[in-house]
1. Scan the stretch 145-184 for residues that are out of contact with any strand residue (DSSP E or B) (no Cβ under 8 Å at 6 or more places or on another chain), among the acidic types (Asp, Glu) and within 24 Å of ALA366 (Cβ to Cβ) and jot them down.
2. Can we say LEU287 is outside any helix (DSSP H, G or I), without any contact (Cβ under 8 Å) to a residue 24 or more places away in the chain and closer than 21 Å to THR231 by Cβ?
3. In the stretch 290-304, what residues are under 12 Å from the mean Cα position of the chain (by Cα) and assigned to a loop (DSSP other than H, G, I, E, B)?
4. Restricting to the stretch 31-54, and then to whatever is at pLDDT 95 or above and in a helix (DSSP H, G or I), can you tell me which residue is farthest from ARG95 (Cα to Cα)?
5. So, of the residues in the stretch 113-143 that are in contact (Cβ under 8 Å) with a residue 24 or more places away in the chain and exposed (fewer than 15 other Cβ atoms within 10 Å of the Cβ), which turns out to be farthest from LYS387 (Cα to Cα)?
6. Filter the stretch 305-352 down to the residues that are aliphatic (A, V, I, L, M) and part of a loop (DSSP other than H, G, I, E, B), then identify the one that is modelled with the highest pLDDT.
7. How do the strands (runs of 3 or more DSSP E) wholly within the stretch 155-257 filter down when requiring 2 or more residues that are among the hydrophobic types (A, V, I, L, M, F, W, C) and over 22 Å from THR126 (Cβ atoms): which remain?
8. For the stretch 88-112, enumerate the residues that are over 22 Å from the mean Cα position of the chain (by Cα) and at positive phi.
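The values are calculated or read from the model by the stated rules, or taken from the named source; none is laboratory data. The shown structure was predicted, so the numbers you read here are calculated from the model rather than taken from an experiment. Cβ coordinates were reconstructed from backbone atoms using ideal geometry, including for glycine residues, and neighbour counts include every protein chain displayed.
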Amino acid sequence: MANKFYNSSDKHIRICHVQLLSILSGVQRAMLEILYRLNPQVYEPIVLCKEEGDLTIELSAHNIAYITMPELVRPISPWHDIRSYYSLKKFFSERRFDIVHTHSSKTGILGRFAAHHAGVPIIFHTVHGLPFHEFSPYINKLLYSVIENRAASVSQKIIFVNQEERALAISKKIIPEEKTITICNGVDLQKVGCYDNEQARMVFRQRWSIDKGDYVIGYVGRLWEQKDPETLLRTIELCNDLPVRFLIVGDGPYKERFDQHFENDKRVIMTGWLDNPISIYPAIDALILPSLWEGLSVTLIEAMAFGKPLIASNIKGNRECVWHGENGFLCTPRDPYSFRQAIATLTGDKALYKRMSVSGREKAAAHFDAEKNSQKVITLYEQELTKLGK
């Protein structure tokens, strides 16, 4: 167990955020927006995750403490999961946290039960997407519903990042309504303002040999099962006759296949993962996201804030930030022809593009301001602390 930059003090509110992967996907970035805004005179935060990586590099850059726990694994593994539970419980007991805030499904379940049995008085969990979705087997839905119900019983508040999943959890009696709240992910609009200009657009395009007049459809995210890379690949193939190029930003299990498949295709630019993903958005013209399940994609929100029309699968989470026909298109999941049609429509109608661009900026400012939404979470902390007399 590695521990970096942690100096415990009785003068602060001790808070631990529990993650699994040390990457900078939407789940981790949503958490970071909260941590950036915690008052250091009041809170003493630490992040627990499996191992060092991009997330821990970011935490170190902001002088936020972290600890790694290699026992945490993503697949269900009784041996590792029992070890993880007891390691978490021991850690929470020793550090005497005031608040434990968990993220993601598996760490959310293990972390909440461990925190409860360690005597942590305030336990929060953020649902970045329920552990089952439209394409899950029925038995998985039933099992996870029972486990989530039990985990909710030891939690003070369950934060949903989209309203549709919250409503589902309430209607299915998975989580009592009084324990739930919807607080959307957000984007730092001030940071967007720093990059939302022609110079940033041209700097990125020149770096990746993208011509000024190229119409670029961007994909930003991990290339793994959740994002349905097969549909993305087929969509690109179907767009051979359209005047577009594709910028694929991200890494993951499917990246090697994409590299090989598009090795000699000049229409496709593979960058791998980039250190500063927000610099991507000025350079693209629209964003595509064919996911099979999402909580609330930070990538969609960021692209929207830059005025980029969205082309996304019609699933829970995406419907929270894509208003079909207003700031983008909702396409049939697993149907590359539906995505191809959306791209063709967008590229062929400049007036529609402009309307969607304006609408996206307006909706991002109205609903997805990271400053406002993060403060809502911090207010929840304060309310629970007040109940304890802190």
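1. Kept after step one, since they are out of contact with any strand residue (DSSP E or B) (no Cβ under 8 Å at 6 or more places or on another chain), are these residues of the stretch 145-184: 145-150, 153, 164, 167-168, 171-174, 176-178, 184.
Those still in the list that are among the acidic types (Asp, Glu) too: 148, 164, 177-178.
Correct list: GLU164 only.
2. Numbers: outside any helix (DSSP H, G or I): yes; without any contact (Cβ under 8 Å) to a residue 24 or more places away in the chain: no; closer than 21 Å to THR231 by Cβ: yes.
Taking the combined requirement at face value, the residue does not satisfy it.
3. The first filter runs over the stretch 290-304 and keeps only residues under 12 Å from the mean Cα position of the chain (by Cα), leaving 293-302.
TRP293, GLU294, GLY295, LEU296, SER297 - these are the residues of the stretch 290-304 that are under 12 Å from the mean Cα position of the chain (by Cα) and assigned to a loop (DSSP other than H, G, I, E, B).
4. GLU33
5. First, the residues of the stretch 113-143 that are in contact (Cβ under 8 Å) with a residue 24 or more places away in the chain: 113-131, 133-135.
The next check asks that each one be exposed (fewer than 15 other Cβ atoms within 10 Å of the Cβ); those that pass are 119, 134-135.
Values: GLY119: 16, GLU134: 38, PHE135: 41 Å.
It comes out as PHE135.
6. Pass one, the stretch 305-352, residues aliphatic (A, V, I, L, M): 305, 310-312, 315, 322, 330, 342-344, 346, 351-352.
Restricting the remaining residues to those that are part of a loop (DSSP other than H, G, I, E, B) gives 315, 322.
Details: ILE315: 95, VAL322: 98.
Among residues in the stretch 305-352 that are aliphatic (A, V, I, L, M) and part of a loop (DSSP other than H, G, I, E, B), the one modelled with the highest pLDDT is VAL322.
7. Answer list for the stretch 155-257: 216-220, 245-249.
8. So in the stretch 88-112, the residues over 22 Å from the mean Cα position of the chain (by Cα) come out as 88-98.
Correct list: ARG96 only.
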